[in-house]
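The values are calculated or read from the model by the stated rules, or taken from the named source; none is laboratory data. Just so it is clear, the structure is predicted and the values come from calculations on it, not from any experiment. Methodologically, a virtual Cβ is constructed for each residue, glycine included, from the backbone with ideal geometry; neighbour enumeration extends over all protein chains shown.
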Amino acid sequence: MDLLCAPAGIAGITGAKKGIRSISEAGFEQILLDLSLCCTPAALERIGKKRQDADKDDKLKVYENPSKMYEAMSELIGQCRAQGVRMPVAYAPYPERDTKHTDLNDLVLRLTKESIKVCGQAGCRYLVVRPLFAGIPAAELWERNKAYYLELAALAKEQDVCILLENQCKDTNGHLVRGLCALPEEAADWVDRLNEAAGEERFGFCLDVGVCTLCGQNMYDVVMGLGGRIKAVIMRDCDGIRESALLPFTCARQGVSQTDWLNLIRGLRALCFDGALIMSMKDTAAAFSWILRTEIVRLSKKLAYYFKWQIEMEAVLKRYASRVLFGAGNMCRNYMKCYGEQYPPLYTCDNDKAIWGTEFCGLMVKSPESLRELPEDCAIFICNVYYEEIRTQLLEMGIRNPIAYFNDEYMPSFYTDRLDMKELPPEKETGV
């Protein structure tokens, strides 16, 4: 799985060195090449209003001469290359969601074509391209967009770029509601029909988590409806009312996240998703002092690893022909409820001597010493919150089997009750 950082709020197209360094030092090896940084939605809106000062700060005026796009992005791209940060996914410029300026559609087409060329120069595999909507009657949306995307397809093939559609919300009297490709069945149909018309798999899908939240959707249903068409996921938090790009888990009310992370992770895990995970936190980063932004990016990288771990959990279970569990508690119980039949463990072990030789959830509970007798390809899945302590214990015992961490925070189903037991770290249980 590719873990990307969206640069908005952290690195701009000028003075990019510091921002890209922050991204790199935080551990990100890849970024989203956001081409809207050189031609912002606000600038496009001002052009639509025929204002001569569309963007006084944009000396290159990419909106007037799209061929200047690579030049406008050259400092940011150069810094990425200098610091070894790859750019597998790019995002084409787009107008504001409530724009009424139909005359921008031709400009957006030219900007998107240039975006594809920049992708070829920068080595991007994917380009996210929002569908056209301004001034297009509802009955004509598919045909107009089909013509738009297919006009891009030949150039995309030439540059070896895959075009990703994205789920949209639209502004209706100041309220954001479901827009084009928000419904998974419509989005899947569009991608399939475009690939059929192109004669190859030239189109895929980028799922914007923030849009799902704004549209009040069940993310499991959305993910499963789109299936393998999903090549990238934009991870951002919002309050479900206003457009924003916040660090995941930071938009909470009374201790409850406003984003349906549970069903998102359930869906991506069931899908065995292995595409690009894009951490988007423009508004969170911009609200912090520059002195602290590097720490925000570091936290974002930890969150990205966390999501990767959760999403890949079932894929890791599939990787091994045999497995044992370490821990005979709530986490083990949830494992057996959700995966015990499909990925049956040989047994479980625990540091609590009092339960050795007993049965727990259909598994024999053994001493950790029994792990010394395992075949070398049998994996040990730690089912206890004290992951590092138990891993250290196993390594000090000389265990060389694969060690993985199991977690029951995002299971397909849960027990509604919790066992009344103490889950203490191994040092306290064994007295070591």
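Candidates are the residues of the stretch 162-173 that are of a type outside the set (A, V, I, L, M) and either touching a strand residue (DSSP E or B) at 6+ places or on another chain (Cβ under 9 Å) or not in a strand (DSSP E or B) (or both); the one that is surrounded by the most Cβ atoms within 10 Å (Cβ to Cβ) is ASN167.
Assigned to a helix (DSSP H, G or I), surrounded by fewer than 17 Cβ atoms within 10 Å (Cβ to Cβ) and in contact (Cβ under 8 Å) with a residue 12 or more places away in the chain: which single residue out of LEU299, LEU262 fits that description?
Working: LEU299 fails: surrounded by fewer than 17 Cβ atoms within 10 Å (Cβ to Cβ).
Sole residue among the options that is assigned to a helix (DSSP H, G or I), surrounded by fewer than 17 Cβ atoms within 10 Å (Cβ to Cβ) and in contact (Cβ under 8 Å) with a residue 12 or more places away in the chain: LEU262.
Listed here are the residues, each with its yes/no results for (1) modelled with pLDDT of 95 or more; (2) of a type in the set (A, V, I, L, M, F, W, C).
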position	(1), (2)
GLU243	no, no
LEU247	yes, yes
CYS251	no, yes
VAL256	no, yes
ILE265	yes, yes
ARG269	yes, no
ALA276	yes, yes
ALA285	no, yes
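When you scan the stretch 242-255, do you find a residue that is in the same structural domain as LEU303 (by TED's automatic domain parsing), part of a helix (DSSP H, G or I) and closer than 25 Å to ARG125 by Cβ, even just one? No, that holds for no residue.
Just give me the residues in the stretch 346-391 being outside any helix (DSSP H, G or I) and aromatic (Phe, Trp, Tyr), in sequence order. The answer is TYR347, TRP356, PHE360, PHE381, TYR386.
Let's see how each residue does on (1) in contact with a Lys or Arg (Cβ under 7 Å, 6 or more places away or on another chain); (2) of a type in the set (A, V, I, L, M, F, W, C):
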site	(1), (2)
THR112	no, no
LEU132	yes, yes
ASN145	no, no
LEU150	no, yes
CYS162	yes, yes
CYS169	yes, yes
ASN173	no, no
ALA182	no, yes
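Being within 30 Å of LEU268 (Cα to Cα), modelled with pLDDT of 90 or more, assigned to a loop (DSSP other than H, G, I, E, B) and of a type in the set (Ser, Thr, Tyr) holds for only one residue in TYR335, TYR343, and it is TYR343. Counting only residues that are surrounded by fewer than 20 Cβ atoms within 10 Å (Cβ to Cβ) and touching a helix residue (DSSP H, G or I) at 6+ places or on another chain (Cβ under 8 Å), the stretch 22-36 holds 2 of them.
Tell me which residues, restricted to the stretch 133-161, are part of a loop (DSSP other than H, G, I, E, B), at pLDDT 95 or above and surrounded by 18 or more Cβ atoms within 10 Å (Cβ to Cβ). Step through it out loud before you land on a result.
Just the residues of the stretch 133-161 that are part of a loop (DSSP other than H, G, I, E, B), to begin with: 133-137, 159-161.
Right, trim to at pLDDT 95 or above and you get 159-161.
Passing the criteria: only VAL161.
For the residues PHE326, PHE360, the requirement of being over 20 Å from TRP309 (Cβ atoms) and out of contact with any Lys or Arg (no Cβ under 6 Å at 6 or more places or on another chain) singles out PHE360. Among the residues of the stretch 94-112, is any in the same structural domain as ARG193 (by TED's automatic domain parsing), hydroxyl-bearing (Ser, Thr, Tyr), over 25 Å from MET235 (Cα atoms) and surrounded by fewer than 22 Cβ atoms within 10 Å (Cβ to Cβ)? Yes, that holds for at least one residue. Remark: pairs (first residue in the stretch 408-421, modelled with pLDDT of 70 or more; second residue aliphatic (A, V, I, L, M); Cβ separation under 7 Å; 6+ apart in sequence or on different chains) = ASP408/MET331; TYR410/LEU262; TYR410/ILE265. Do you know which residues across the stretch 354-368 are in contact (Cβ under 8 Å) with a residue 12 or more places away in the chain and farther than 20 Å from GLU341 by Cβ? Correct list: ILE355, LYS366, SER367, PRO368.
Scan the stretch 195-241 for residues that are charged (D, E, K, R) and in a helix (DSSP H, G or I) and jot them down.
GLU196, ASP221, ARG229
Assess whether LEU176 counts as being under 27 Å from GLY123 (Cβ atoms) and either hydrophobic (A, V, I, L, M, F, W, C) or not in a strand (DSSP E or B) (or both).
Numbers: under 27 Å from GLY123 (Cβ atoms): no; either hydrophobic (A, V, I, L, M, F, W, C) or not in a strand (DSSP E or B) (or both): yes.
No.
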